[in-house]
Structure formats: C-alpha cells, structure tokens
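Shown next, in structure tokens, is the structure this report addresses.
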C-alpha cells in the first residue's frame, strides 16, 4: 500500500498539493484506521489481490465518510488501486461485489460514493454501479470540488431482479 500511496497518479485527487505522496507513516496510520473501522463497525475496506500473481493491488470496500459530515449518516463505497491495473474494470467489479454486503448483510437503504469532481474515471465507476449524482460540495479540508453519488437499495434490487429474471 505504501507504494500505491506514493504514486502521484493515485494521489492526484487525494492530496493537497495534488499528487503529493503519502509517507510510510501516513500509510501505516491509514492501515491502523482501516483495522479499527473493521473492529468498530464490522465492515470496511478489502485488500484486492490479482489471482494470477497473488499480488496486492489496492483496496475496495465500505467505510463511513467521516471527513464529509454534511452527508452523514452514510456508508461510502470506495476504491484505491495501483495504476498498473486501471482501466480493466477491477474497481467496478470489486465495488459490485461489495453491494450485497451493503444492502443484504448490513441492511442499508442506500450507499454513497464520493469523488473529486475532475476524477472522470472514478465518476464513471460510480455511474456503472447505477449510482446517481446527488450533490456537489466542497472538501472541508482542501476546498476541492466533490461529487457525491448515491445508489438506493430499491434501485439495486430492481437492477438485480432484471439480471436474474
């Protein structure tokens, strides 16, 4: 994860100034926070592995977006992958696999995803998941423009019924 968090392509929409790396200590802190989130809430971010090579390539999963209090209570679906694996549909595939956890296991009525307004690739993943644009806002710490997308359980169930029928 430290290598992924040092990549300026990855941190372009995550850090101020854009593209600045996370230090190893910051990545270790994020790992501790991820574990604590699992311990506290019973859900969180999953490690993503490439089956063929057994390589760790990032994370995809669920988290409470405490950095954006105006949308709370909410659970966010998010991802961060090594750029070598971008454009292969892995974020979409992994996020889709998390939706039954959100709706069936956790019983949520909706799930959000939050992205930098200029991060077209992440916004496309949200749209592929069937999410709808709900809100434009600013990141409280950086002032960056953010887009919040939401998927309702009822829309997910409707879509799933069509796929199963």
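Only the coordinates and a few stated rules stand behind these numbers; no lab work does. Only a predicted model underlies this, so the values are computations on that prediction, with no experimental measurement involved. Ideal geometry is used to build each Cβ from the backbone, glycine not excepted, and the neighbour counts take in all protein chains shown.
Quick notes
- Peptides ranked, highest mean first, by Cβ atoms within 10 Å: ranges 16-28, 61-73: 61-73, 16-28
- Remark: relative contact order (segment 44-164) = 19 percent; criterion is Cα-Cα distance under 8 angstrom and separation of 6 or more residues.
- Counting only alpha carbon atoms, the long axis of helix 90-100 and the longest principal axis of the chain meet at about 50°.
- Against the main long axis of the alpha-carbon atoms of the chain, helix 24-41 sits at an angle near 30°.
- Segment 14-165 - Kirkwood radius from inverse mean 1/r over Cα pairs (Å): 16.4 Å
- The length gained by stretching the chain between residue 139 and residue 26 to full extension, at 0.36 nm per residue less their Cα-Cα distance, is 38.7 nm.
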